[in-house]
Amino acid sequence: MGTPLSAAVLAGAVLSLAAVTGCSAASKHAERPGVTPYQAKRVTDPPAGNTAGAAPHGCPTAASLPLPKDFPDNLPVPDGAVVTSVEHRTGGRLVVATVVRGGFDTTLAFLHTQMPKAGYIPEEGEVEEDDAESNFFTETVRGRWALRKMPDCEGGVYLTYLTAAVS
(Lines give C-alpha, C1' and ligand atoms only; values in the text may rest on other atoms or scores of the structure.)
Protein backbone atom coordinates (compact mmCIF):
# COMPACT_ATOMS: atom_id res chain seq x y z
CA MET A 1 0.00 0.00 0.00
CA GLY A 2 2.97 2.35 0.56
CA THR A 3 4.04 2.26 -3.09
CA PRO A 4 1.00 4.00 -4.68
CA LEU A 5 1.16 6.78 -2.10
CA SER A 6 4.91 7.27 -2.66
CA ALA A 7 4.36 7.37 -6.43
CA ALA A 8 1.64 9.99 -5.99
CA VAL A 9 3.87 12.11 -3.74
CA LEU A 10 6.76 11.80 -6.21
CA ALA A 11 4.52 12.75 -9.17
CA GLY A 12 3.21 15.76 -7.24
CA ALA A 13 6.75 16.86 -6.40
CA VAL A 14 7.81 16.60 -10.06
CA LEU A 15 4.78 18.61 -11.22
CA SER A 16 5.40 21.25 -8.55
CA LEU A 17 9.05 21.53 -9.56
CA ALA A 18 8.05 21.89 -13.22
CA ALA A 19 5.60 24.67 -12.32
CA VAL A 20 8.18 26.52 -10.22
CA THR A 21 10.81 26.18 -12.93
CA GLY A 22 8.36 27.58 -15.51
CA CYS A 23 7.57 30.57 -13.31
CA SER A 24 11.20 31.34 -12.56
CA ALA A 25 12.12 31.24 -16.25
CA ALA A 26 9.38 33.76 -17.02
CA SER A 27 10.57 36.11 -14.27
CA LYS A 28 13.96 36.49 -15.97
CA HIS A 29 12.30 39.01 -18.29
CA ALA A 30 11.04 41.28 -15.48
CA GLU A 31 14.04 43.60 -15.76
CA ARG A 32 14.35 44.88 -19.27
CA PRO A 33 17.51 46.51 -20.64
CA GLY A 34 17.65 50.18 -19.68
CA VAL A 35 15.30 49.80 -16.71
CA THR A 36 16.83 50.05 -13.26
CA PRO A 37 15.81 47.38 -10.71
CA TYR A 38 13.81 50.01 -8.78
CA GLN A 39 11.95 51.02 -11.91
CA ALA A 40 11.29 47.41 -12.91
CA LYS A 41 9.88 46.71 -9.44
CA ARG A 42 7.73 49.83 -9.57
CA VAL A 43 6.37 48.84 -12.95
CA THR A 44 5.71 45.18 -12.16
CA ASP A 45 4.57 45.70 -8.55
CA PRO A 46 2.56 48.95 -8.40
CA PRO A 47 1.24 49.98 -5.00
CA ALA A 48 -2.01 48.40 -3.83
CA GLY A 49 -5.03 50.41 -4.93
CA ASN A 50 -3.15 51.86 -7.89
CA THR A 51 -3.09 48.87 -10.23
CA ALA A 52 -4.62 48.10 -13.57
CA GLY A 53 -4.75 44.35 -13.25
CA ALA A 54 -6.23 42.02 -15.83
CA ALA A 55 -7.54 38.55 -16.01
CA PRO A 56 -4.81 36.36 -17.54
CA HIS A 57 -4.60 37.39 -21.21
CA GLY A 58 -7.88 39.27 -20.82
CA CYS A 59 -9.41 42.67 -20.43
CA PRO A 60 -8.29 44.90 -17.54
CA THR A 61 -10.30 44.30 -14.38
CA ALA A 62 -9.02 47.17 -12.21
CA ALA A 63 -8.85 50.94 -12.37
CA SER A 64 -6.43 52.65 -14.72
CA LEU A 65 -3.05 53.84 -13.52
CA PRO A 66 -2.72 57.61 -13.89
CA LEU A 67 -0.80 58.99 -16.84
CA PRO A 68 2.62 60.08 -15.59
CA LYS A 69 3.38 63.79 -15.27
CA ASP A 70 6.01 63.57 -18.01
CA PHE A 71 3.56 62.11 -20.56
CA PRO A 72 3.11 64.78 -23.26
CA ASP A 73 0.04 66.88 -22.37
CA ASN A 74 -1.40 67.03 -25.86
CA LEU A 75 -0.62 63.46 -26.98
CA PRO A 76 -4.02 61.97 -27.90
CA VAL A 77 -5.20 59.01 -25.84
CA PRO A 78 -8.58 57.40 -26.66
CA ASP A 79 -11.39 57.94 -24.16
CA GLY A 80 -11.69 55.04 -21.76
CA ALA A 81 -8.11 53.82 -22.29
CA VAL A 82 -6.87 51.88 -19.24
CA VAL A 83 -3.22 52.56 -18.45
CA THR A 84 -1.81 49.16 -17.47
CA SER A 85 1.88 50.02 -17.00
CA VAL A 86 4.34 52.90 -17.01
CA GLU A 87 8.09 52.58 -17.47
CA HIS A 88 10.77 55.24 -17.25
CA ARG A 89 13.74 54.10 -19.32
CA THR A 90 17.22 55.47 -19.88
CA GLY A 91 17.64 58.48 -22.12
CA GLY A 92 14.43 60.08 -20.84
CA ARG A 93 12.26 57.56 -22.68
CA LEU A 94 8.79 56.85 -21.34
CA VAL A 95 6.71 53.77 -22.18
CA VAL A 96 3.00 53.84 -21.37
CA ALA A 97 0.96 50.70 -22.09
CA THR A 98 -2.82 50.94 -22.35
CA VAL A 99 -5.79 48.79 -23.23
CA VAL A 100 -8.57 50.34 -25.30
CA ARG A 101 -11.98 48.67 -25.67
CA GLY A 102 -13.06 50.53 -28.83
CA GLY A 103 -11.85 47.94 -31.31
CA PHE A 104 -8.83 47.87 -33.63
CA ASP A 105 -10.28 49.84 -36.56
CA THR A 106 -11.83 52.54 -34.37
CA THR A 107 -8.63 53.02 -32.37
CA LEU A 108 -6.52 53.10 -35.53
CA ALA A 109 -8.83 55.73 -37.05
CA PHE A 110 -8.56 57.75 -33.82
CA LEU A 111 -4.76 57.73 -34.02
CA HIS A 112 -4.74 58.61 -37.73
CA THR A 113 -7.03 61.61 -37.21
CA GLN A 114 -6.21 62.88 -33.71
CA MET A 115 -2.41 62.67 -33.81
CA PRO A 116 -2.07 65.17 -36.72
CA LYS A 117 -4.78 67.42 -35.20
CA ALA A 118 -2.65 67.59 -32.04
CA GLY A 119 0.45 68.52 -34.08
CA TYR A 120 2.11 65.08 -34.19
CA ILE A 121 3.57 64.25 -37.59
CA PRO A 122 3.48 60.52 -38.44
CA GLU A 123 6.37 58.78 -40.19
CA GLU A 124 7.39 55.23 -41.11
CA GLY A 125 4.12 53.58 -40.11
CA GLU A 126 2.55 50.35 -41.23
CA VAL A 127 -0.78 48.60 -40.79
CA GLU A 128 -1.32 44.84 -40.88
CA GLU A 129 -4.36 42.71 -40.08
CA ASP A 130 -3.91 42.55 -36.30
CA ASP A 131 -1.34 45.25 -35.57
CA ALA A 132 -0.15 48.67 -36.61
CA GLU A 133 2.58 51.06 -35.58
CA SER A 134 3.96 54.44 -36.46
CA ASN A 135 6.68 56.82 -35.41
CA PHE A 136 5.64 60.41 -34.73
CA PHE A 137 7.27 63.70 -33.84
CA THR A 138 6.80 67.36 -32.99
CA GLU A 139 9.36 70.04 -32.25
CA THR A 140 9.50 68.86 -28.63
CA VAL A 141 8.64 65.13 -28.67
CA ARG A 142 9.67 62.07 -30.68
CA GLY A 143 7.88 58.80 -30.24
CA ARG A 144 6.18 55.70 -31.50
CA TRP A 145 2.79 54.12 -30.94
CA ALA A 146 1.98 50.44 -31.44
CA LEU A 147 -1.48 48.94 -31.69
CA ARG A 148 -2.22 45.21 -31.41
CA LYS A 149 -5.46 43.24 -31.16
CA MET A 150 -6.04 41.39 -27.90
CA PRO A 151 -6.91 37.72 -28.38
CA ASP A 152 -9.06 37.26 -25.25
CA CYS A 153 -10.70 40.65 -24.79
CA GLU A 154 -13.58 41.33 -27.16
CA GLY A 155 -12.99 44.65 -28.90
CA GLY A 156 -9.83 45.17 -26.87
CA VAL A 157 -6.54 46.40 -28.26
CA TYR A 158 -3.16 47.06 -26.72
CA LEU A 159 -2.03 50.63 -27.43
CA THR A 160 1.50 51.43 -26.34
CA TYR A 161 3.23 54.81 -26.51
CA LEU A 162 6.99 55.31 -26.41
CA THR A 163 7.98 58.97 -26.05
CA ALA A 164 11.08 61.03 -25.44
CA ALA A 165 11.62 64.77 -25.25
CA VAL A 166 13.66 66.27 -28.08
CA SER A 167 16.83 67.87 -26.77
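The values are calculated or read from the model by the stated rules, or taken from the named source; none is laboratory data. The shown structure was predicted, so the numbers you read here are calculated from the model rather than taken from an experiment. Quick reminder, even Gly has a Cβ in these numbers, built from the backbone with ideal geometry, and neighbours come from all protein chains shown. Ligands, DNA and RNA are excluded from the accessible area calculation, which covers all protein heavy atoms including side chains. Shrake-Rupley method; radii C 1.70, N 1.55, O 1.52, S 1.80 Å.
Count Lys and Arg as plus one, Asp and Glu as minus one, and take only other residues whose Cβ is under 15 Å from that of THR61; the net charge is then -1. For the range 81-167, the per residue solvent-accessible surface stands at 52 Å², with DNA, RNA and ligands left out and a 1.4 Å probe.
Over the range 93-167, calculate the relative contact order: mean separation of alpha carbon pairs under 8 Å at least 6 apart, over the residue count, as a percent. It comes to 39 percent, rounded to a whole number.
Element breakdown for the range 55-124 at a 1.4 angstrom probe: carbon and sulfur atoms account for 55% of the accessible area. Under conditions of 10 °C and 1.306 mPa s, the range 106-164 yields 133 µm² s⁻¹ as its translational diffusion coefficient, taking Rh as the Kirkwood radius over Cα pairs in the Stokes-Einstein equation.
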